[in-house]
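Where a number appears in this text, it was derived from the coordinates with a stated rule and is not lab data. All values reported here derive from a predicted model rather than from experimental measurement. Glycine gets a Cβ as well: all are built from the backbone with ideal geometry, and neighbour counts include every protein chain shown.
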Amino acid sequence: MAMNQDNASPLATRKIPALPRAWRALGLGLLCGASTCWAELVPLDGIAAIVNEDVVMKSELIAHTDQYYQQIQRQAAQQQQRQQTPPKEALVSQVLDKLILDRIQLAMAERAGIKVGDEELNDALQRSAEQQNLSFDEFVAMAHNDGLSLTQLRTQFRQDMLIGRVQQGMVKRRIEISDQEVDNFLNSEEGQLMTSPDLNVGHLLLALPTSANPTELDAILQQAGKLRQQAIDSDDFRNVAIVHSRGPNALKGGDLGWRKAIQLPPLFSEALTKLEPGEISPPLQSDAGIHLLKLYERRGGGEQLIQQTEIRHILVKPNEILTKEDALEKISQLRARIVAGEDFGDIAREFSEDPGTALKGGELGWSTSGQFVPIFESTAAGLDVDQMSEPVFSQFGWHIIQVTGRRSQDFSETLITNQARNALGQRKYAEELPIWLQEIRSEAFVEIKQ
């Protein structure tokens, strides 16, 4: 029976108030003598930085630095780089900057109620393994070699996905693309070359304070020139970027990966057109700072056909009354009726909970790669024409997916317009992301401890 507080036994367990996170991270040691026990605080950890109402612990900074250092060493071994990797100590400030920005963005995700479900997380882990031509077990084993348990790996992936969604939501709302901009782009020489080459690019950014005077600007430009020469002399742009860059991809050696020239900021694409593979650009100035670019490879160009898929689906959503398991049972029964001979379109019109497609028999029309959420798209990609999927769960609910056609399509006027708008959006996104990151960093309360 529950005991009334007034009559509670003096030996009853009393709830201890929760301590703030910073104090919870400090150990409480007890020094006990023969007849008396004295308590004193013995720090088992320390605070590397205070970020608004959160903290970055020294143990966390050390662990992440070790992790990135092991990744750099493994990548150097895989690429058979002869150059010496940078010392671990040189990574500390880079890793701390990343952890500070991560804290700020994760807090934004929490305030906005952004979530990443377990199934989405599982799909992301599986795709990452497949992209590296690894089985899931091999992928987990590689993480273990970097000092990550499966739980830590899942936490890191979940946080990366949350941060990606925050960036997409916050940066994209800053971007506006007018019809006139699209027309101007399509009328330009660049717009007419929609099949521009793919570029494999490295990037190094030196931050430039918004209030920098000419003397400070000149000093940063001189530093960029020295770093450029250092990268040329050592033939090791990645290690120079790891140590000195303040760009979003610094800890990856500044690698931007393969990008369409039209998807890069004009400042970048114009400079890269003048480079041969292996060359490094002169210092380039933008609102975000001073940039150095290395062109690793160039490929492609010429006309391409766009692969399109015609898809229809039926959606059943879990809700307060219908559990996820009940929703799966319902959509499985609908699938069984279609297999037994009932018309897919008729079932979709009667039962699908996607208001945008239900009245059209579930028809989504012709689509191109990247148009749907990953689990939906990967499922559709694995289907033959007229084949129907098993029930698959996305962030929207349970789907039955059927591919009704595939074709290779030349650029239509609508498709070209959409591609131009998408290219302009990605370009503006690349320009805005580092500026936005600097803004949220400057607006946050950050105290770095010694």
Given the rule -39500 (n - 2.57) for each run of at least 4 DSSP H residues, summed and divided by the residues of the chain, what is its mean residue ellipticity at 222 nm, to the nearest 500 deg cm²/dmol? -14500 deg cm²/dmol
Assign one of three labels to the range 284-439, namely rounded, prolate or oblate, based on the Cα gyration tensor with a ≥ b ≥ c the square roots of its eigenvalues; rounded applies when a/c is under 1.5, prolate when it is not and a/b is larger than b/c, and oblate otherwise. prolate
State whether the range 266-342 is rounded, prolate or oblate according to the following rule on the C-alpha gyration tensor (a ≥ b ≥ c being the square roots of its eigenvalues): a/c under 1.5 gives rounded; otherwise a/b larger than b/c gives prolate, and the remaining case gives oblate. prolate
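What is the magnitude of the charge dipole of the range 49-172 about its Cα centre, with +1 placed on the Cβ of each Lys and Arg, -1 on the Cβ of each Asp and Glu, and no other charges, expressed in debye to the nearest 20?
340 debye
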Suppose every K and R has +1 on its Cβ and every D and E has -1 on its Cβ; what is the size of the dipole of the chain about the Cα centre, in Debye to the nearest 20? 1060 debye
Which residues make up the longest stretch of the chain that has no trypsin sites (Lys or Arg not before Pro) in a DSSP loop with at most 14 other Cβ atoms within 10 Å? 275-448
Quote the Stokes-Einstein diffusion coefficient, in whole µm² s⁻¹, for the range 215-346, based on the Kirkwood radius over alpha carbon pairs, a temperature of 25 °C and a viscosity of 0.890 mPa s. 125 µm²/s
Give the calculated FRET efficiency between SER178 and GLN371 to the nearest 0.05, with a Förster radius of 25 Å applied to their Cβ-Cβ distance. 0.65
Per DSSP, loop GluC sites (Glu not before Pro) in the range 219-309 with at most 14 further Cβ within 10 Å: GLU279, GLU303
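Indicate the gyration tensor shape class of the chain (rounded, prolate or oblate), computed on the Cα atoms with a ≥ b ≥ c the square roots of the eigenvalues: a/c under 1.5 is rounded; otherwise a/b larger than b/c is prolate and the rest oblate. Kindly include the intermediate steps, with their values, before the conclusion.
On the way: a/c = 2.04, a/b = 1.08, b/c = 1.88.
Because a/c hits 1.5 or more and a/b fails to exceed b/c, the chain counts as oblate.
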Among THR323, GLY365, GLN308, whose Cα projects farthest towards the positive end of the dipole of the range 306-409, with charges put on the beta-carbon of Lys, Arg (+1) and Asp, Glu (-1)? GLN308
Using +1 at the Cβ of each Lys and Arg and -1 at the Cβ of each Asp and Glu in the chain, identify which of GLY356, SER178, MET161 lies farthest towards the dipole's positive end. MET161
Size of the dipole of the range 306-409 about the Cα centre, Lys and Arg at +1 and Asp and Glu at -1 on the beta carbon, nothing else charged, in debye to 20? 240 debye
For LYS88, go through the lysines and keep the ones whose alpha-carbon is under 26 Å away, minus same-chain ones fewer than eight residues off. LYS58, LYS98, LYS226, LYS252, LYS294, LYS449
Of all GluC sites (Glu not before Pro) in the range 147-214, which ones are in loop regions per DSSP and have a Cβ with at most 10 other Cβ atoms within 10 Å? GLU176
